[in-house]
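K.L.:
The following block contains the structure, expressed as structure tokens.
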Amino acid sequence: SDYNKGVHALSHAILACAPLFIPCTTADIDCDHSHYDCTRIMLFDVRAGGAGSSNHLWKHFFRPDGVLDAAIDLLTDCPLSCDTTSTYKGGCPGCIQSVPCINFHEDLSRKAGLCIARRLLARIKESNLYKANCNVENKEASVGTPRKIARNKALETAADLVAARSSNIVVGRPTWAEDLSLSTQRSTVEACEENRVVSK
């Protein structure tokens, strides 16, 4: 019976974390709320024909720091610490009761859901798809995405003042009259004209 409650609780936790990974609300995705003989976690699109939300969410199960990791964090550390209060036995509105439930949030067990989630994550980490996604993320982190590479190259170019002067790039701000010593103060116009001559 705790296993059934745990599957139901884990389904709720995954639904609660789904908007962190894909553009959706808890009204776009739902889960199987049956609480007898649960053998699977079933997530599906609420709209007839499907909006593709559950398909997008599926991809985040086989990635490091994915939706299952977030669900484990939610089940581990409830924001309202429902373990210490006696009013909520299986979870509270701060963790797994934040999503709609046709069973009125009956038959939920945070502790059993956490145990099932950890075992499921251990099995997923052994899969080839998870390992391949880890390798891709490690490669991108070491090399960098094309945008990061272009940004680093631009920063290196900007740091080279000789190349910046030949391109008429001003690094920093122009010198204003207030920056000069009191004995040699000049007007702002003279200081700007001098900067223009230097940059050519």
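The values are calculated or read from the model by the stated rules, or taken from the named source; none is laboratory data. Treat the numbers as computed from the prediction; the structure is a model and nothing was measured. Quick reminder, even Gly has a Cβ in these numbers, built from the backbone with ideal geometry, and neighbours come from all protein chains shown. When the accessible area is computed, the model is the full protein with side chains, heavy atoms only, and any ligands, DNA or RNA have been set aside. Shrake-Rupley method; radii C 1.70, N 1.55, O 1.52, S 1.80 Å.
K.L.:
Give all pairs with beta carbons closer than 7 Å in which a residue from segment 32-50 that is surrounded by 15 or more Cβ atoms within 10 Å (Cβ to Cβ) meets a residue that is at pLDDT below 85 and of a type in the set (D, E, K, R); count only pairs at least 6 apart in sequence or on separate chains.
P.N.:
His35/Asp107
K.L.:
State whether the residues of segment 18-32 include one that is in a loop (DSSP other than H, G, I, E, B), within 20 Å of Arg123 (Cβ to Cβ) and at pLDDT below 85.
P.N.:
Among the residues of segment 18-32, at least one is in a loop (DSSP other than H, G, I, E, B), within 20 Å of Arg123 (Cβ to Cβ) and at pLDDT below 85, which makes the answer yes.
K.L.:
Ser127 versus (1) out of contact with any Pro (no Cβ under 8 Å at 6 or more places or on another chain); (2) surrounded by 15 or more Cβ atoms within 10 Å (Cβ to Cβ); (3) modelled with pLDDT of 85 or more: which is the lone unmet condition?
P.N.:
Ser127 satisfies every listed condition except (2).
K.L.:
Take segment 51-70 and flag every residue that is touching a residue at least 24 places away in the same chain (Cβ under 8 Å), under 20 Å from Ile116 (Cβ atoms) and open to solvent by 50 Å² or more (accessible area, probe 1.4 Å).
P.N.:
Residue satisfying the conditions is Arg63 alone.
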